[in-house]
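The values are calculated or read from the model by the stated rules, or taken from the named source; none is laboratory data. Bear in mind that the values here come from a model prediction, so they are computed numbers and not experimental data. Backbone-built Cβ (ideal geometry, glycine too); neighbour counts: all protein chains shown. These accessible areas exclude ligands, DNA and RNA; they are computed on the full protein's heavy atoms, side chains included. Shrake-Rupley method; radii C 1.70, N 1.55, O 1.52, S 1.80 Å.
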Amino acid sequence: MPRKRVAVLISGRGSNMAALIEAAKASDYPAEIALVLSNIADAGGLDTARKAGIQTAIIDHKPFGKDRAAFDRAMHEVLIAHRIELVCLAGFMRLLTPEFVALWKERMLNIHPALLPAFKGLDTHKRALEAGAKVHGATVHFVVPEMDAGPIIMQGAVVVRPDDTEATLGARVLKVEHTIYPASLKLVAEGRVQVVDGRCLIDGKPVPDAGALIPVA
Ligand code: GAR
(Lines give C-alpha, C1' and ligand atoms only; values in the text may rest on other atoms or scores of the structure.)
Protein backbone atom coordinates (compact mmCIF):
# COMPACT_ATOMS: atom_id res chain seq x y z
CA MET A 1 0.00 0.00 0.00
CA PRO A 2 1.32 3.48 -0.83
CA ARG A 3 2.14 5.51 2.23
CA LYS A 4 -0.45 8.13 3.13
CA ARG A 5 0.69 11.70 2.55
CA VAL A 6 0.41 13.60 5.82
CA ALA A 7 0.61 17.30 6.64
CA VAL A 8 1.52 18.32 10.17
CA LEU A 9 0.19 21.73 11.23
CA ILE A 10 2.18 23.53 13.92
CA SER A 11 2.39 26.88 15.66
CA GLY A 12 5.39 26.32 17.93
CA ARG A 13 8.33 24.13 18.86
CA GLY A 14 6.95 21.06 17.09
CA SER A 15 8.06 18.25 19.39
CA ASN A 16 5.02 16.15 18.42
CA MET A 17 5.77 16.91 14.77
CA ALA A 18 9.33 15.67 15.39
CA ALA A 19 7.98 12.47 16.93
CA LEU A 20 5.81 11.90 13.84
CA ILE A 21 8.76 12.59 11.51
CA GLU A 22 10.90 10.15 13.50
CA ALA A 23 8.25 7.42 13.40
CA ALA A 24 7.73 7.90 9.66
CA LYS A 25 11.40 7.11 9.03
CA ALA A 26 10.63 3.43 9.55
CA SER A 27 10.21 1.75 6.18
CA ASP A 28 7.08 -0.06 7.33
CA TYR A 29 5.37 3.07 8.71
CA PRO A 30 2.19 3.59 6.67
CA ALA A 31 2.46 7.38 6.41
CA GLU A 32 5.00 9.92 5.22
CA ILE A 33 5.23 13.48 6.49
CA ALA A 34 4.92 15.27 3.17
CA LEU A 35 4.41 18.79 4.51
CA VAL A 36 4.78 20.84 7.67
CA LEU A 37 2.57 23.92 7.62
CA SER A 38 2.74 26.72 10.17
CA ASN A 39 0.77 29.91 10.77
CA ILE A 40 3.83 31.34 12.57
CA ALA A 41 6.82 32.22 10.37
CA ASP A 42 9.41 31.63 13.10
CA ALA A 43 7.86 28.56 14.71
CA GLY A 44 10.75 26.50 16.05
CA GLY A 45 9.39 23.33 14.49
CA LEU A 46 9.88 24.70 10.96
CA ASP A 47 13.68 24.49 11.33
CA THR A 48 13.44 20.93 12.61
CA ALA A 49 11.29 20.03 9.60
CA ARG A 50 13.65 21.70 7.13
CA LYS A 51 16.63 19.90 8.65
CA ALA A 52 14.74 16.64 8.20
CA GLY A 53 14.33 17.51 4.51
CA ILE A 54 10.58 17.98 4.74
CA GLN A 55 8.70 20.57 2.69
CA THR A 56 7.41 23.47 4.75
CA ALA A 57 4.81 26.15 4.15
CA ILE A 58 3.91 29.26 6.11
CA ILE A 59 0.49 30.85 6.01
CA ASP A 60 0.48 33.80 8.37
CA HIS A 61 -3.02 34.20 9.80
CA LYS A 62 -2.60 37.91 10.60
CA PRO A 63 -3.26 39.36 7.13
CA PHE A 64 -6.58 37.49 7.15
CA GLY A 65 -7.74 39.42 10.22
CA LYS A 66 -11.04 38.05 11.45
CA ASP A 67 -11.69 36.18 8.19
CA ARG A 68 -11.07 32.66 9.47
CA ALA A 69 -12.82 31.16 6.44
CA ALA A 70 -10.35 32.80 4.04
CA PHE A 71 -7.38 31.63 6.14
CA ASP A 72 -8.75 28.09 6.19
CA ARG A 73 -9.37 28.16 2.43
CA ALA A 74 -5.75 29.22 1.90
CA MET A 75 -4.61 26.30 4.04
CA HIS A 76 -6.87 23.89 2.19
CA GLU A 77 -5.43 25.00 -1.15
CA VAL A 78 -1.89 24.34 0.04
CA LEU A 79 -2.87 20.93 1.41
CA ILE A 80 -4.51 19.99 -1.88
CA ALA A 81 -1.52 21.29 -3.88
CA HIS A 82 0.67 18.91 -1.87
CA ARG A 83 -1.76 16.01 -2.40
CA ILE A 84 -2.25 15.64 1.34
CA GLU A 85 -4.48 12.79 2.52
CA LEU A 86 -4.31 13.13 6.31
CA VAL A 87 -3.76 16.16 8.53
CA CYS A 88 -2.22 16.11 12.02
CA LEU A 89 -2.67 19.15 14.22
CA ALA A 90 0.33 19.28 16.55
CA GLY A 91 0.22 22.34 18.75
CA PHE A 92 -1.60 24.26 16.03
CA MET A 93 -3.15 27.11 17.98
CA ARG A 94 -5.88 28.31 15.60
CA LEU A 95 -9.58 27.59 15.74
CA LEU A 96 -10.78 26.02 12.50
CA THR A 97 -14.03 26.77 10.70
CA PRO A 98 -16.69 24.03 10.49
CA GLU A 99 -16.32 24.17 6.69
CA PHE A 100 -12.62 23.32 6.84
CA VAL A 101 -13.23 20.64 9.47
CA ALA A 102 -15.91 19.09 7.24
CA LEU A 103 -13.49 18.92 4.29
CA TRP A 104 -11.11 16.84 6.45
CA LYS A 105 -13.73 14.83 8.32
CA GLU A 106 -12.15 11.73 9.87
CA ARG A 107 -8.94 12.62 8.06
CA MET A 108 -7.72 15.23 10.58
CA LEU A 109 -6.25 14.31 13.96
CA ASN A 110 -5.43 16.46 16.96
CA ILE A 111 -3.42 15.88 20.10
CA HIS A 112 -4.55 17.46 23.33
CA PRO A 113 -2.55 17.44 26.58
CA ALA A 114 -5.30 16.06 28.84
CA LEU A 115 -7.57 13.06 29.15
CA LEU A 116 -10.55 14.40 27.22
CA PRO A 117 -13.30 15.24 27.88
CA ALA A 118 -11.56 16.61 30.99
CA PHE A 119 -9.57 19.84 30.74
CA LYS A 120 -10.38 21.10 27.26
CA GLY A 121 -8.64 24.35 26.31
CA LEU A 122 -5.41 25.81 27.63
CA ASP A 123 -3.25 25.36 30.77
CA THR A 124 -4.32 21.75 31.15
CA HIS A 125 -1.50 20.67 33.48
CA LYS A 126 -2.04 23.61 35.83
CA ARG A 127 -5.77 22.93 35.93
CA ALA A 128 -5.28 19.19 36.51
CA LEU A 129 -3.03 19.99 39.50
CA GLU A 130 -5.48 22.57 40.85
CA ALA A 131 -8.32 20.07 40.55
CA GLY A 132 -6.34 17.48 42.48
CA ALA A 133 -6.58 15.02 39.58
CA LYS A 134 -4.85 11.74 40.41
CA VAL A 135 -4.48 10.69 36.79
CA HIS A 136 -3.74 12.96 33.84
CA GLY A 137 -2.57 12.39 30.30
CA ALA A 138 -3.06 13.08 26.63
CA THR A 139 -5.61 12.30 23.94
CA VAL A 140 -5.45 11.86 20.18
CA HIS A 141 -8.82 12.39 18.54
CA PHE A 142 -10.43 13.14 15.20
CA VAL A 143 -11.21 16.83 14.80
CA VAL A 144 -14.83 17.98 14.86
CA PRO A 145 -16.10 21.57 14.80
CA GLU A 146 -16.25 21.75 18.60
CA MET A 147 -12.83 22.48 20.10
CA ASP A 148 -11.03 19.60 21.87
CA ALA A 149 -13.87 17.20 21.17
CA GLY A 150 -14.32 14.43 18.63
CA PRO A 151 -13.96 10.66 18.51
CA ILE A 152 -11.06 9.52 20.69
CA ILE A 153 -8.49 7.40 18.89
CA MET A 154 -6.03 6.84 21.74
CA GLN A 155 -5.22 8.11 25.20
CA GLY A 156 -2.19 7.78 27.40
CA ALA A 157 -2.25 8.28 31.15
CA VAL A 158 0.24 9.40 33.74
CA VAL A 159 -0.11 9.22 37.50
CA VAL A 160 -0.06 12.64 39.15
CA ARG A 161 2.63 12.71 41.87
CA PRO A 162 2.20 14.69 45.07
CA ASP A 163 5.26 16.83 44.32
CA ASP A 164 4.40 17.46 40.68
CA THR A 165 4.64 20.95 39.25
CA GLU A 166 3.12 22.09 35.98
CA ALA A 167 6.56 21.53 34.41
CA THR A 168 7.22 18.02 35.76
CA LEU A 169 3.70 16.83 35.01
CA GLY A 170 3.75 18.45 31.57
CA ALA A 171 7.06 16.78 30.75
CA ARG A 172 5.70 13.31 31.56
CA VAL A 173 2.53 13.97 29.57
CA LEU A 174 4.61 15.20 26.62
CA LYS A 175 6.53 11.90 26.58
CA VAL A 176 3.21 10.09 26.38
CA GLU A 177 2.11 12.41 23.55
CA HIS A 178 5.21 11.44 21.59
CA THR A 179 4.18 7.78 21.90
CA ILE A 180 0.46 7.94 21.26
CA TYR A 181 0.53 10.37 18.32
CA PRO A 182 2.69 8.22 16.02
CA ALA A 183 0.79 5.12 17.18
CA SER A 184 -2.57 6.76 16.40
CA LEU A 185 -1.49 8.03 13.00
CA LYS A 186 -0.26 4.54 12.17
CA LEU A 187 -3.68 3.03 12.94
CA VAL A 188 -5.51 5.71 10.95
CA ALA A 189 -3.14 5.49 7.97
CA GLU A 190 -3.60 1.72 7.92
CA GLY A 191 -7.35 2.28 7.69
CA ARG A 192 -7.94 0.41 10.95
CA VAL A 193 -9.98 3.13 12.67
CA GLN A 194 -13.69 3.53 12.00
CA VAL A 195 -16.02 6.04 13.61
CA VAL A 196 -19.35 4.53 14.63
CA ASP A 197 -21.88 6.60 16.57
CA GLY A 198 -19.20 9.18 17.39
CA ARG A 199 -16.80 6.59 18.83
CA CYS A 200 -13.71 5.04 17.33
CA LEU A 201 -13.50 1.34 16.69
CA ILE A 202 -10.12 -0.19 15.99
CA ASP A 203 -10.24 -3.24 13.71
CA GLY A 204 -14.01 -3.14 14.24
CA LYS A 205 -13.76 -3.44 18.01
CA PRO A 206 -13.86 -1.01 20.89
CA VAL A 207 -10.24 -0.60 22.02
CA PRO A 208 -9.15 -4.24 21.70
CA ASP A 209 -6.38 -4.37 24.24
CA ALA A 210 -6.37 -1.36 26.51
CA GLY A 211 -3.17 -2.52 28.17
CA ALA A 212 -1.30 -2.36 24.89
CA LEU A 213 -2.57 1.08 23.99
CA ILE A 214 -2.36 3.02 27.22
CA PRO A 215 1.11 3.72 28.52
CA VAL A 216 0.85 4.48 32.24
CA ALA A 217 3.88 6.39 33.44
C1 GAR B 1 1.47 19.82 22.96
O2 GAR B 1 1.54 19.54 24.33
C3 GAR B 1 0.07 19.63 22.45
O4 GAR B 1 -0.61 18.58 23.06
C5 GAR B 1 -0.53 20.97 22.79
O6 GAR B 1 0.45 21.90 22.50
C7 GAR B 1 1.73 21.31 22.70
C8 GAR B 1 2.54 21.53 21.47
O9 GAR B 1 3.85 21.10 21.69
N10 GAR B 1 -1.75 21.21 22.05
C11 GAR B 1 -2.76 21.89 22.52
O12 GAR B 1 -2.78 22.39 23.63
C13 GAR B 1 -3.93 22.02 21.57
N14 GAR B 1 -5.13 22.30 22.28
P15 GAR B 1 4.79 20.71 20.49
O16 GAR B 1 4.79 21.92 19.54
O17 GAR B 1 6.14 20.50 21.11
O18 GAR B 1 4.25 19.49 19.83
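Work out the FRET efficiency for residue 134 and residue 190 from their Cβ-Cβ distance, taking R0 = 41 Å, and round it to the nearest 0.05. All intermediate terms of the calculation are to be shown ahead of the outcome.
Working: r = 34 Å, r/R0 = 0.83.
Once the sixth-power term is evaluated, E becomes 0.75.
I'd like the FRET efficiency for residue 168 and residue 199, computed as 1/(1 + (r/R0)^6) with the beta carbon distance as r and R0 of 45 Å, rounded to 0.05.
Numbers: r = 33 Å, r/R0 = 0.72.
The pair residue 168/residue 199 has a calculated efficiency of 0.85.
Check residue 154: other-chain or 5+ apart residues with amide H under 5 Å from its amide H, H built from backbone geometry?
Those qualifying (amide H under 5 Å, at least 5 residues apart or on another chain) are 140.
Looking at the square roots a ≥ b ≥ c of the eigenvalues of the Cα gyration tensor of the stretch 1-105, which shape do they give, rounded for a/c under 1.5, prolate if a/b is larger than b/c, or oblate?
On the way: a/c = 2.16, a/b = 1.39, b/c = 1.55.
Oblate shape, in that a/c is at least 1.5 and b/c is the bigger or equal ratio.
Quick one: if the Förster radius is 35 Å, what FRET efficiency do residue 95 and residue 1 give, using the C-beta to C-beta distance and rounding to 0.05?
Numbers: r = 34 Å, r/R0 = 0.96.
Efficiency computed from Cβ-Cβ geometry: 0.55.
Would you mind working out the accessible area per residue for the chain, using a 1.4 Å probe, and quoting it in Å²?
Numbers: 10660 Å² over 217 residues.
Computed with neighbouring chains in place, this is 49 Å² per residue.
Can you tally the net charge around residue 143? Count Lys and Arg as +1, Asp and Glu as -1, for every other residue whose Cβ sits under 14 Å from the Cβ of residue 143.
On the way: positive: 94, 105, 107, 120; negative: 72, 99, 106, 146, 148.
Here the count lands on -1.
Pulled fully out, how much extra length does the chain show between residue 147 and residue 105, if you take 0.36 nm times their separation in residues and subtract their Cα-Cα distance?
Details: separation 42, 0.36 × 42 = 15.12 nm, distance 1.41 nm.
Length gained between residue 147 and residue 105: 13.7 nm.
Please give the contour-minus-distance gain from residue 28 to residue 157: 0.36 nm per residue of separation, less the Cα-Cα distance, rounded to one decimal in nm.
Values: separation 129, 0.36 × 129 = 46.44 nm, distance 2.69 nm.
My answer for the length gained is 43.7 nm.
Over 20 Å between Cα atoms: which of 66/120; 51/105; 126/175; 51/175; 4/105; 25/186 fall into that group?
Pairs exceeding the cut-off: 66/120; 51/105; 51/175.
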